[in-house]
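Encoded as structure tokens, the structure appears first; notes follow it.
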Amino acid sequence: MNIEQLKEFVCLETRKRELDSELKAIAARIDDLEQALVPQFLADGVASMKVDGRTVYIAQDIHASPLNDRAEVISALKTSELGQYVSENYNTQSLKAFVREVAEEARLRCQQQNRLFTEEEVRTALPSPLCDAVKVSFVHSLRSRKA
């Protein structure tokens, strides 16, 4: 048995655990800062900023969830000819992708008509009765990339 290799393995395993712990602490702090900074970006109307060689920007994701319960969404999908999104239940990722497609169309319409693009605009653009069964939420997060 090569004791030097074994010692190196133990040393690296220990360091890895330390780094994992440090990474968890950093991720928690980033989450705290994101919770504080996203509202500031939105309130100031700032889309991105360059800081210390990185561009920090607001990323928007769109989520769709049941307004009341999943059964209502399933029924609405079936009656609005979107049955491909339904099995015994419905595929949330596929529904989210569909809502994103509708949202992009709604965003373009809002831009053309010089109107504010809102969750309500997306929800009302959904086929009936799906629009009455799904809640649309804009979820904002901070991201950065090398400037």
Query raised in the report: On the accessible surface of the chain, probed at 1.4 Å, how many percent belong to carbon and sulfur atoms?
Result: 51
Report summary line: Note on the chain: helices (DSSP H) long enough, at least 24 Å by alpha carbon along their axis, and hydrophobic enough, mean Kyte-Doolittle at least -0.5, are 3-44
Query raised in the report: For the pair ASP61 and HIS140, how long in nm is the line joining their label points, each one 7 Å along Cα→Cβ?
Result: 1.6
Query - Accessible area in square angstrom per residue, region 23-147, 1.4 angstrom probe - result: 65
Query raised in the report: Sorted by accessible area with a 1.4 angstrom probe, largest first, how do CYS131, CYS110, CYS11 fall?
Result: CYS11, CYS131, CYS110
Query raised in the report: In whole percent, what relative contact order does the chain give with Cα contacts below 8 Å and a gap of six or more residues?
Result: 34
**Report entry** For region 56-102, alpha-carbon Rg and Dmax in angstrom
**Finding:** 12.3, 43
**Report entry** Surface accessible to a 1.4 Å probe, TYR85 within the full protein complex, Å²
**Finding:** 30
Query - Residues in region 14-43 reached by a label modelled at VAL51 [backbone nitrogen below 18 Å; 7 Å Cα→Cβ] - result: 26-43
Query - Calculated FRET efficiency for the pair ALA36/ARG70, C-beta based, R₀ 30 Å, to 0.05 - result: 0.35
Query raised in the report: Whole number please: convex hull volume per residue of the Cα set in the chain, in Å³?
Result: 204
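The values are calculated or read from the model by the stated rules, or taken from the named source; none is laboratory data. The shown structure was predicted, so the numbers you read here are calculated from the model rather than taken from an experiment. Every residue, glycine among them, receives a Cβ derived from its backbone with ideal geometry; neighbour counts consider all protein chains shown. Areas reflect the complete protein model, heavy atoms only, side chains present, ligands, DNA and RNA absent. Shrake-Rupley method; radii C 1.70, N 1.55, O 1.52, S 1.80 Å.
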